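Notes follow the structure.
The values are calculated or read from the model by the stated rules, or taken from the named source; none is laboratory data. Owing to the predicted nature of the structure, the values given are computational and were not obtained by experimental measurement. Here Cβ is always computed from backbone atoms with ideal geometry, including for glycine, and neighbour counts include all displayed protein chains.
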Amino acid sequence: MPGAAWRLRFGAEVLRELGRHAQRGLLSRESVGQLYAKDLTGKTVVVAKATRLKPSWASWSRVRFDVQQAMREREQLFRDGWHCLGFWHTHPELDPMPSPEDRALAAEHARAALTLTNGMVFVIVGTRPLPSGLRVWCHTGSDLITMTVETPNVAYVSTPLAAQSPRHE
Ligand SMILES: [Zn+2]
């Protein structure tokens, strides 16, 4: 499991997939999906798969998805050796920030058992071309920590908070 300082690396295919859904038009809608890795044991966890969930409802600046659908997808992919790291979604902003709703969702899912002991990865794709449009957070179960995105596609977290295991409340 990743220690106090660990990195996420986004595979080229994942960046392409996320970039395809970036919201650059007024008629665009938010997209949402999940991020997966095969191996959680190294200091660098490679995000090698990004799925897209069918939104149950989506508008320009908000999206809802079916949690059951998300859980089913995780179970299916787990059978093929994929570990869910968290969620991605799009925002129609240059420098996207998590909404109060996003924060609540991240906290809720970080407290539920996810695979990463450090918590849950939370990615928002803004309108800048990737990788600069990529914003990454990690929710530890108690805090939402900003992960610095290094060029070109490596997100890095080294805060001591991230070393704590998620709290079970
Ligand atoms: Zn959002």
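Checked against the criteria, residue 103 does not count as within 14 Å of the ligand (Cβ to nearest atom), of a type outside the set (Gly, Ala, Ser), within 23 Å of residue 30 (Cβ to Cβ) and buried (at least 21 other Cβ atoms within 10 Å of the Cβ). Residue count for segment 1-31, restricted to those that are in a strand (DSSP E or B) and of a type in the set (S, T, N, Q): 0. Within segment 32-51, does at least one residue satisfy the condition of being hydrophobic (A, V, I, L, M, F, W, C), closer than 15 Å to residue 125 by Cβ and outside any strand (DSSP E or B)? For segment 32-51, residues hydrophobic (A, V, I, L, M, F, W, C), closer than 15 Å to residue 125 by Cβ and outside any strand (DSSP E or B): absent. Restricting segment 51-69 to residues that are within 16 Å of the ligand (Cβ to nearest atom) and at pLDDT 90 or above leaves a set whose member that is farthest from residue 105 (Cα to Cα) is 52.
Set side by side, the residues 115, 140, 127 differ, and just one is out of contact with any helix residue (DSSP H, G or I) (no Cβ under 8 Å at 6 or more places or on another chain), of a type in the set (Val, Ile, Thr) and modelled with pLDDT under 90, which is 115. Scanning segment 29-45 for residues that are in contact with a strand residue (DSSP E or B) (Cβ under 9 Å, 6 or more places away or on another chain) and surrounded by fewer than 19 Cβ atoms within 10 Å (Cβ to Cβ) yields 29, 38, 39, 40, 42, 43, 44.
Within segment 82-110, residues that are closer than 19 Å to residue 142 by Cβ and modelled with pLDDT under 90 sit with their Cβ atoms under 8 Å from residues that are assigned to a loop (DSSP other than H, G, I, E, B) and more than 10 Å from the ligand (Cβ to nearest atom), at 6+ positions apart or across chains, in these pairs: 107/141; 110/119; 110/140; 110/141; 110/166.
Using the structure shown, decide if residue 8 is within 15 Å of the ligand (Cβ to nearest atom), among the hydrophobic types (A, V, I, L, M, F, W, C), crowded, with 18+ Cβ neighbours inside 10 Å and under 16 Å from the mean Cα position of the chain (by Cα). Answer is no for this residue. Here residue 77 meets the list (1) more than 15 Å from the chain's Cα centre (by Cα); (2) over 26 Å from residue 154 (Cβ atoms); (3) surrounded by 14 or more Cβ atoms within 10 Å (Cβ to Cβ) almost entirely, failing just condition (2).
Results for (1) polar (S, T, N, Q); (2) part of a strand (DSSP E or B); (3) closer than 20 Å to residue 54 by Cβ; (4) away from the ligand (no atom under 16 Å from the Cβ), shown as yes or no for each residue.
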| site | (1), (2), (3), (4) |
| --- | --- |
| 71 | no, no, yes, yes |
| 81 | no, no, no, yes |
| 98 | no, no, no, no |
| 110 | no, no, no, no |
